[in-house]
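Enquirer: Dropping a structure here in C-alpha cells format, bear with me for questions.
The values are calculated or read from the model by the stated rules, or taken from the named source; none is laboratory data. Note that this is a predicted model, so its numbers are computed, not measured. All Cβ positions, glycine included, derive from the backbone under ideal geometry; neighbour counts span all protein chains shown.
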Amino acid sequence: MSDNETPEEAEPLGTLPLDAWHRKLGARMVPFAGYEMPIQYDGIVAEHNWTRESASLFDVSHMGQLALKGEGAAHELERLLPGAITNLKPGKMRYSLLLTEAGGIIDDLMVTNTGPHLALVVNGACKWDDIAHLREHLPDEITLTHFDDFALLALQGPKAGEVLEQLIPGTGELTFMTAGLFEYGGGHIWVSRAGYTGEDGFEIAVHESKVEVLADALIADERVEPAGLGARDSLRLEAGLPLYGHDLTTNTDPVSADLAFALSKKRRTEGGFHGHKAVTARLADIEAGTLATKRVGLTLDGRMPAREGAEVYSGDTKVGTVTSGGFSPTLGTPIAMAYIDTEHTAEGTALECEVRGKRLPATVTPMPFVPHRYYRGN
C-alpha cells in the first residue's frame, strides 16, 4: 500500500477456491500476491520438516495458469523467451523467463507442451502484467486463455510419488519436468512432476469445483499434511531457488541472477528474443571477467538470520545486498541469497552481513544449500 492510499482505496484481496477449507483446518491467513493465503497451520518449522520427511500439500492457486494456442504458437512464444520452445516435445516442461528489451526479468515461469497447446504457469503477483505483455507482443492469431477457474495444488516431499500413484494411477511414471493428463473423479486433471521446494513432487491443475474433493483425498493419507507459504519459502531458500519480486526483478538480468542455464545455447547464438542484446553483453562480461554482480548463497554464523535488504560488507566496503534470507531448519543455521560484487563471490569468501546494527560473519556458499531430490527415473 502506498503512503497516500487509504485502506478503502486498496484493492480487495482475492480468495482461493479452498479458502474455507484452509480456515477449517486452522490456517493462519495472510495477504500475499493479492490473495488471502495460508502461511502456516501447525508451524512453519514443523511443516518444513514434514515436507523433507514425508509429503506436504501446498495451495498455489494464486499462480496464473495460461494457455497459448494457434499455428506457430511455439515460434511466437520463442520470440519473447530466451529458452528453446519450438523443440519442446509433448509432455515436456521447461523453465524460462519473460524479459524486457533491456534484459530485465519481468517474470520467471514454466512452459509445458501439452500437445494441443502450450501451458504457462506464471507468478501470482505478476500474472496480470504477464498477460498484458503477452497480449501486446503475440500476434492476434495466437489465442491466449487464462484458466482463472482452475486451482493449483503442489504435493511435495519424498513420499509424494507413492501417495499420488496410489490415488491417481499412472502419475508415478512421470519424471522430473514431465507432465500429463489423468482421469480423476469422473473428469481429467493435469499433473506435472515439478515444484518449488527442491523435493520430489507434483503440481496438480484441477477445476475449482473439484479441488476440495481432491485436497480432502490427499490429506486423508497419513503421509500427507497441509503446509503454508512459510514452509514453501524456507524450502525454496534451502533449494537455492529465486523468488520473483525479491531475488528477481526488472532490475536484474538472467546472467547476474545465475540463471544462464535458462538461456539455451542455440538461442544465445541466434538471438531473436526480447533482451537478447543485453543478455549477450552480460555473457560477454563473464568471459571478460567484468560482470558487475552475481547472485550467490551465504551461510551466516550464529542463529540470527539476515533478511531481505541487509547490507553485505567486505571490511568497510559495502559489496552487496541480501535479497532472501532466513533460518534453515534443515541445516540449523541462517542462510541467505545476495547480489554481491563479482570479485567477492568465490566459494569460501569471508564477508559480513549487517543485521540490527551488528556485523555477522558470513561465507559465500554454493547453492543449493540442501541438495535437490527430484525424481529423474530409476
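Enquirer: Taking segment 334-350, which residues are part of a strand (DSSP E or B), more than 23 Å from the chain's Cα centre (by Cα) and either over 15 Å from residue 256 (Cβ atoms) or without any contact (Cβ under 8 Å) to a residue 24 or more places away in the chain (or both)? First the steps, then the outcome.
Expert: Within segment 334-350, the first condition is being part of a strand (DSSP E or B), and the residues that meet it are 334-341, 350.
Going one step further and asking which of them are more than 23 Å from the chain's Cα centre (by Cα), we end up with 341, 350.
Across segment 334-350, the qualifying residue is only 350.
Enquirer: Take the residues in segment 297-339 that are in contact with a helix residue (DSSP H, G or I) (Cβ under 6 Å, 6 or more places away or on another chain) and within 23 Å of residue 46 (Cβ to Cβ), then tell me which one is surrounded by the fewest Cβ atoms within 10 Å (Cβ to Cβ). Steps first, answer last, please.
Expert: Looking only at segment 297-339, we keep the residues that are in contact with a helix residue (DSSP H, G or I) (Cβ under 6 Å, 6 or more places away or on another chain), and these are 314, 319, 324, 326, 328-330.
Of the ones still in play, those that are also within 23 Å of residue 46 (Cβ to Cβ) are 324, 326, 328-330.
Values: 324: 22, 326: 18, 328: 21, 329: 18, 330: 15.
Looking at residues that are in contact with a helix residue (DSSP H, G or I) (Cβ under 6 Å, 6 or more places away or on another chain) and within 23 Å of residue 46 (Cβ to Cβ), I get 330.
Enquirer: A further question follows. Give segment 362-378 a look and list any residue that's farther than 19 Å from residue 344 by Cα and of a type in the set (Phe, Trp, Tyr), or say none.
Expert: 374, 375
Enquirer: Another question, then. Given the residues 154, 119, 132, which is the only one that is farther than 21 Å from residue 252 by Cα, out of contact with any helix residue (DSSP H, G or I) (no Cβ under 9 Å at 6 or more places or on another chain) and small (Gly, Ala, Ser)?
Expert: Of the residues listed, the single one that is farther than 21 Å from residue 252 by Cα, out of contact with any helix residue (DSSP H, G or I) (no Cβ under 9 Å at 6 or more places or on another chain) and small (Gly, Ala, Ser) is 119.
Enquirer: Kindly indicate which of 358, 294 is surrounded by fewer than 21 Cβ atoms within 10 Å (Cβ to Cβ), within 25 Å of the chain's Cα centre (by Cα) and more than 24 Å from residue 195 (Cα to Cα). It would help to see each step written out before you state the result.
Expert: Details: 358 fails: within 25 Å of the chain's Cα centre (by Cα).
Of 358, 294, the one residue that is surrounded by fewer than 21 Cβ atoms within 10 Å (Cβ to Cβ), within 25 Å of the chain's Cα centre (by Cα) and more than 24 Å from residue 195 (Cα to Cα) is 294.
Enquirer: Test residue 220 against the stated conditions and say whether it is over 29 Å from residue 88 (Cβ atoms), surrounded by fewer than 23 Cβ atoms within 10 Å (Cβ to Cβ), aliphatic (A, V, I, L, M) and over 21 Å from the mean Cα position of the chain (by Cα).
Expert: yes
Enquirer: Which of the strands (runs of 3 or more DSSP E) contained wholly in segment 86-182 include at least 3 residues that are touching a residue at least 12 places away in the same chain (Cβ under 8 Å) and more than 18 Å from the chain's Cα centre (by Cα)?
Expert: 143-146
Enquirer: If residue 353 satisfies all but one of (1) surrounded by fewer than 17 Cβ atoms within 10 Å (Cβ to Cβ); (2) in a strand (DSSP E or B), what's the number of the condition it fails?
Expert: Residue 353 satisfies all of (1) surrounded by fewer than 17 Cβ atoms within 10 Å (Cβ to Cβ); (2) in a strand (DSSP E or B) except (1).
Enquirer: Could you look through segment 6-51, keep only residues that are part of a helix (DSSP H, G or I) and under 18 Å from the mean Cα position of the chain (by Cα), and pick out the one that is nearest to residue 328 (Cα to Cα)?
Expert: Step by step, filter segment 6-51, then rank; the result is 48.
Enquirer: Looking at (1) more than 23 Å from the chain's Cα centre (by Cα); (2) at positive phi; (3) touching a residue at least 12 places away in the same chain (Cβ under 8 Å), find the lone condition where residue 275 falls short.
Expert: It fails just one condition, (1).
Enquirer: For segment 220-317, which strands (runs of 3 or more DSSP E) that fit wholly inside it have 1 or more residues that are modelled with pLDDT of 95 or more and among the small types (Gly, Ala, Ser)?
Expert: The strands (runs of 3 or more DSSP E) meeting that bar are 293-300, 311-314.
Enquirer: Turning to a different aspect of this structure: Could you list all residues from segment 132-143 that are of a type outside the set (S, T, N, Q) and surrounded by fewer than 17 Cβ atoms within 10 Å (Cβ to Cβ)?
Expert: Matches in segment 132-143: 132, 135, 136, 137, 139, 140, 141.
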